[in-house]
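Read the figures in this text as sums done on the coordinates, not as results from a lab. These figures come from a predicted structure and were not determined experimentally. Every residue, glycine among them, receives a Cβ derived from its backbone with ideal geometry; neighbour counts consider all protein chains shown.
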Amino acid sequence: MGIDEQQIRTLIEQWARAVHQGDLEGVLVDHADDIVMFDVPAPHEGVRGIDAYRETWPPFFGWQATQGASFEILSLDVTAGDDVAFAHALLRCGTPQELAEHPKTRLRLTVGLRRERGRWVVAHEHHSFAATT
C-alpha cells in the first residue's frame, strides 16, 4: 500500500471514530468547503457545502447516543491517483436491536477525495443501505 492510500485510510478511520464519538469537529476536519454528500435520510437531492454537511450530523449523533448505535468500519478499500482518490467501505451502523434482527445489514460508504494544498480532503461522500424486499 502506498503512502497516499495509507493517508486516506487513516483519514477515513479517524472520521469514522469521530462519527461514533459524536465529535463534530473531528467529522468535519478533512472535508472540502464545497463537499457534496448523499445520505440515507433526506434531503434526497443531497447536501452541498460544509455548512449544510455540518447541519446533518447533530441529529445522527443524538440518535446514536440515545439508541446505543454502532458505527464501525468492517472493510475499506482505497485507490489513489496523484490528485484524486476514491474509497469504498462497508460499515455496521444500527442499534443493537436492528443489528440483532438483521446481522448482515451493512451501511455502504463511497468517498471521493482530492488533494488540496498538499493534503487529502473529502469532496464527495455517499452513504446508503441496500434496498430490502
Practice prompt. Starting from segment 41-65, keep only residues that are in contact (Cβ under 8 Å) with a residue 24 or more places away in the chain, then list their pairs with residues that are part of a loop (DSSP other than H, G, I, E, B) and surrounded by 14 or more Cβ atoms within 10 Å (Cβ to Cβ) whose Cβ atoms are within a distance under 8 Å, requiring at least 6 positions of separation or different chains.
Written response: Phe61/Gly22; Gln64/Gly22; Ala65/Gly22
Worksheet entry | Filtered residues of segment 87-108 (kept if within 25 Å of Ile50 (Cβ to Cβ) and in contact (Cβ under 8 Å) with a residue 24 or more places away in the chain) | Ala87, Ala89, Leu91, Cys93, Leu107
Item to complete: Specify the residue that is farthest from the chain's Cα centre (by Cα); the eligible residues are those in segment 1-36 that are assigned to a helix (DSSP H, G or I), over 18 Å from Asp82 (Cβ atoms) and charged (D, E, K, R).
Response: Glu25
Response to the item:
Here the residues within segment 37-55 that are surrounded by 14 or more Cβ atoms within 10 Å (Cβ to Cβ), outside any helix (DSSP H, G or I) and within 12 Å of the chain's Cα centre (by Cα) are Met37, Phe38, Asp39
